[in-house]
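The values are calculated or read from the model by the stated rules, or taken from the named source; none is laboratory data. Bear in mind that the values here come from a model prediction, so they are computed numbers and not experimental data. Neighbour counts run over all protein chains shown; Cβ positions are idealised from the backbone, glycine included.
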Amino acid sequence: MESQAAVLVLTYLIFLYGGCEVCADCDNITQFSTQLDTLLAEYDRESPPASLVIIELDLDPRHASIQEDTSTARMLADLRMTWEDSRITWNSTDWGCESALAPAERLWLPDVGLVNAAATGDEAGLRARLTSEGRVTWHTRFDVNVPVAMQLKDWPYDEQTVAFKFASRGYTLEQVELELSDDQQQATVSESGAWELVSVMGTRAVWMRGTDSRRLISWQVTLKRRGAAHARASATVLFATVLLLAAAMVLPPEHRHPLYATAAFVATLWLISALLRLPSSASTPTLLTLQGALCACGGVLSVLAALVARVAVFTSTPPHALRQFVFTASKICKLSLQEELSTEGTWRAAARLLDMIVLAVAALVLFVLTCYAISVL
Ligand SMILES: *[C@@H]1O[C@H](CO)[C@@H](O)[C@H](O)[C@H]1NC(C)=O
Ligand SMILES: *[C@@H]1O[C@H](CO)[C@@H](O)[C@H](O)[C@H]1NC(C)=O
């Protein structure tokens, strides 16, 4: 135990005294700026550090959300760029330090920017970090708005994927190569809004621009709606509508209309309020389709109940075929007992037969709709 502790302490001391000289920041500003002036005396910030500069990119989203009224996604992110500039190297033993912050305006900087939309404000970092081996790290903060083709099929559980594409504005593929940083740090975004950041995926592609090609880095940012309240309320209204329709079907035909109408009205109110809240989108939410179907069910059932009521009180002589049909049907299911062949009796039996068919079909439709609703909600 003791020897282990001694080794640990020794390692720590070596790290403190031996390692520090190498990892130290250049904290003597006056001394460093004099040294940097000497180093950059011949430096031309207009010319790139090499004929092919390899830049590592890393995106660190700070905030992401979707504005549904305009169908755009907004993201606030830091873009970290790292590259080698062999002209800015120094002997860390001589200088006594390993890395330092330098004014970015004195260095060559890559012109990487958003290409699939306009950045409303990008704030280039004023200082870049230099290391004695010539590695430069520079941050740019982007505030970007990108149009989204909203996919609302799964609303209110929908996920939207937005592509943020970055490329060099002035340098071709032969001059500037962009690469994704290996240590893709997963964003730790503390979101409190209606959207939650699910994932950030970077991909590389070639972007043809006229005759020359550029390297394109595309980040697919996936956002998930936090719509638990929406989902619960919508499910409640949906099942209340189904229950109203089912309750109406149990009542005698002449008492059904008010409940059918109420069910259709509830569905209509929900549809109107949902349509006011939903943005224009490339797809219709399944929930909207379901509620629309229930609304139509209420309407159609109302019409059929009215038809059944009318048929039951017809007084004209029924066609022979109908009389024959009702007579045959009455043997299978009990339709009419005493007045089998009278005019009124035939119509009443026909109405009862129609009602049975309507109820059977409606029950089947409601069952299918309910099963589908349960599977998607
Ligand atoms: C910084 O460097 C200068 C010049 O080398 C020296 O005179 C000065 O004492 C240093 N300051 C500190 C705080 O070490
Ligand atoms: C840096 O300077 C030290 C002493 O001035 C020298 O011994 C060492 O070789 C130098 N290192 C390089 C890489 O030039």
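Out of the residues in region 32-43 that are under 16 Å from G96 (Cα atoms) and away from ligand 2 (no atom under 16 Å from the Cβ), which is surrounded by the fewest Cβ atoms within 10 Å (Cβ to Cβ)?
Checked region 32-43; the qualifying residue surrounded by the fewest Cβ atoms within 10 Å (Cβ to Cβ) is T34.
Return the pair list, or none, for Cβ contacts closer than 8 Å from residues in region 32-44 that are touching a residue at least 24 places away in the same chain (Cβ under 8 Å) to residues that are part of a helix (DSSP H, G or I) and within 16 Å of ligand 1 (Cβ to nearest atom), at least 6 apart or on different chains.
Final answer for the pair search is F32/W95; Q35/W95.
Per-residue answers, yes or no, for (1) of a type in the set (S, T, N, Q); (2) at pLDDT 95 or above; (3) within 16 Å of ligand 1 (Cβ to nearest atom); (4) within 22 Å of R204 (Cα to Cα):
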| residue | (1), (2), (3), (4) |
| --- | --- |
| Y43 | no, no, no, no |
| E46 | no, no, no, no |
| D58 | no, no, no, yes |
| P61 | no, no, no, yes |
| A64 | no, no, no, yes |
| E68 | no, no, no, no |
| A77 | no, no, no, yes |
| E84 | no, yes, no, yes |
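Please verify whether R127 is buried (at least 18 other Cβ atoms within 10 Å of the Cβ) and at pLDDT 90 or above, treating the condition exactly as stated.
It is false that R127 is buried (at least 18 other Cβ atoms within 10 Å of the Cβ) and at pLDDT 90 or above.
Check L173 against each of (1) in contact (Cβ under 8 Å) with a residue 60 or more places away in the chain; (2) part of a loop (DSSP other than H, G, I, E, B); (3) surrounded by 15 or more Cβ atoms within 10 Å (Cβ to Cβ) and name the one condition it does not meet.
That leaves (1) as the condition not met.
Considering only region 78-113, state which residues are more than 16 Å from T137 (Cβ to Cβ) and of a type in the set (A, V, I, L, M).
none
Could you list all residues from region 93-141 that are within 22 Å of P48 (Cβ to Cβ) and among the aromatic types (F, W, Y)?
W108, W138
Please identify the pairs in which a residue from region 78-98 that is touching a residue at least 40 places away in the same chain (Cβ under 8 Å) has its Cβ atom under 8 Å from the Cβ atom of a residue that is part of a strand (DSSP E or B) and within 15 Å of ligand 1 (Cβ to nearest atom), counting only partners at least 6 apart or on another chain.
Qualifying pairs under 8 Å: C97/D25; E98/D25.
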